[in-house]
Amino acid sequence: MFSLKINLILEAMRPVQWLKNGLIFMALVFSKSFFEPEAVSNSVLAFIVFSMVSGAVYLINDIVDREKDREHPLKDKRPIASGRLPAGSAWTGAAVISGVSLVAAFAINPSFGLITVAYFALFNLYTFVLKAVPIVDILTVASGFAVRAAAGALAIEVEISPWLLLCTMLMALFVVLGKRRHEIVVLGDRATVLTEYNSLFLDQMIAVVTASTLVAYSVYTVSAETVEKFGTDNLKYTVPFVLYGIFRHLYLIYKKEAGVRPERDILADTPTIVNIFLWIGAVLGILYAG
């Protein structure tokens, strides 16, 4: 019985969502610390800690939203909403996991500990308050991606370009807006998103964000700061991969009605996976080959 609850708690922590925490490794790559054992080990530990903390946030969110989730055609199958995992057990799991993880975050270093606490506080505030505030809810979710990238830099005590944080935030907005659009267009009245949104409004925001993302990344690759730091402007040759990634995701949203589960859509879409690996390979080659 105990092992069953552990399995259900793990399921409720949404392991597939931990892929987002891969942004922690961005600082490792762009600081040219990819082959430094201590930096690698700290990044791996930071990834594990952030996965546990974000998992605890998902547990708390699902406890609070369990009644609404029962009316949702997809979320009703989650362990807490379906009744397979009692709310009391979920609260216990969230308390233990978050407590241990936050202590572990400070063990990595105090700065990483503080940003992990900030992330935990922000997304619990989102669960209880910010989720009900139009536009702020989207910005909050997207900011979580930038926080992950910043946390990766703090874990290995390196600087990260503000341009990279901006690109991360914009790309996250793009994904979040696509998810909102899918819920409204495909799920219709069954969607639990705010009624203040509609497809036209979201389409306009998606158009703004896609253009902004491409411009921000392009400027980053050729900025004087980037060229001076890496000794090359060849990162500009990675722009086509970012452009393709944006266009491919738009294709999935508008032609394949994807977007409600972007992490699953990405894993299931071979062209997207290939493009990501090509981008990673190009970045590593440009930054480390010399």
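Based on C-alpha pairs under 8 angstrom that are at least 6 apart in sequence, the chain has a relative contact order of 18 percent.
Selection among G99, G83, Q17 by position relative to the dipole of the stretch 1-126 gives G83 as farthest towards the positive end (Cβ unit charges, Cα centre). Counted over the stretch 4-81 with a bin width of 5 Å, the fraction of Cα pairs per bin, in whole percents, is 3, 15, 20, 18, 14, 10, 8, 7, 4, 1.
May I ask you to derive the FRET efficiency for S82 and L278 from their Cβ-Cβ distance with R0 = 51 Å, giving the value to the nearest 0.05? With R0 = 51 Å, the Cβ-Cβ based efficiency is 0.80. The charge dipole of the chain, taken about the Cα centre with unit charges on the Cβ atoms of Lys, Arg (+1) and Asp, Glu (-1), comes to about 660 debye, rounded to the nearest 20.
Taking only the Cα atoms of the chain, the ratio Rg/Rh comes out at 0.97, with Rh defined as the Kirkwood radius.
At 1.4 Å probe size, with the rest of the protein present, what percent of the exposed accessible area of the chain is carbon and sulfur atoms? On the chain, the fraction of accessible area on carbon and sulfur atoms equals 68 percent.
With each run of n ≥ 4 DSSP H residues scored as -39500 (n - 2.57), what mean residue ellipticity at 222 nm is computed for the chain after dividing by its residue count and rounding to the nearest 500 deg cm²/dmol? Don't skip to the end; give the middle numbers.
Working: 13 runs with 203 residues, N = 290.
About -23000 deg cm²/dmol.
Relative to the Cα centre, the charge distribution of the stretch 1-126, modelled as +1 at Lys and Arg Cβ and -1 at Asp and Glu Cβ, gives a dipole magnitude of about 240 debye. Under the rule a/c < 1.5 gives rounded, and otherwise a/b versus b/c splits prolate from oblate, where does the stretch 241-287 land using the Cα gyration tensor? Since a/c reaches 1.5 and a/b is larger than b/c, the shape of the stretch 241-287 is classed as prolate. Comparing the stretch 35-159 with the 2.2 N^0.38 Å rule of thumb, its C-alpha radius of gyration ratio is 1.15 (two decimals). On the basis of the beta-carbon distance and an R0 of 25 Å, W91 and L122 show a calculated FRET efficiency of 0.80.
State in Å² the accessible area per residue of the chain; use a 1.4 Å probe, count heavy atoms of protein chains only, and round to the nearest integer. Each step should come with its number before you reach the end.
On the way: 13840 Å² over 290 residues.
With the other protein chains kept in place, the chain gives 48 Å² per residue.
Determine the gain in length on full extension of the stretch E11-V215; use 0.36 nm per residue of separation and subtract their C-alpha separation, reporting nm with one decimal. Let's see the in-between values first.
Values: separation 204, 0.36 × 204 = 73.44 nm, distance 3.82 nm.
That pair, E11 and V215, stretches by 69.6 nm at full extension.
Say the cut-off is 28 Å between C-alpha atoms; which of K77/K256; K131/K229; K20/K75; K5/K255 go over it? Write out the running numbers ahead of the final one.
Working: K77/K256 23 Å; K131/K229 39 Å; K20/K75 20 Å; K5/K255 39 Å.
Listed pairs above 28 Å: K131/K229; K5/K255.
Each label was represented as a point 7 Å from its Cα along the Cα-to-Cβ direction; for D203 and L250 these points are 1.3 nm apart.
The values are calculated or read from the model by the stated rules, or taken from the named source; none is laboratory data. Since this is a predicted model, take the numbers as computed values, not measurements. Every residue, glycine among them, receives a Cβ derived from its backbone with ideal geometry; neighbour counts consider all protein chains shown. These area figures cover heavy atoms from the full protein model, side chains too; ligands, DNA and RNA do not enter into them. Shrake-Rupley method; radii C 1.70, N 1.55, O 1.52, S 1.80 Å.
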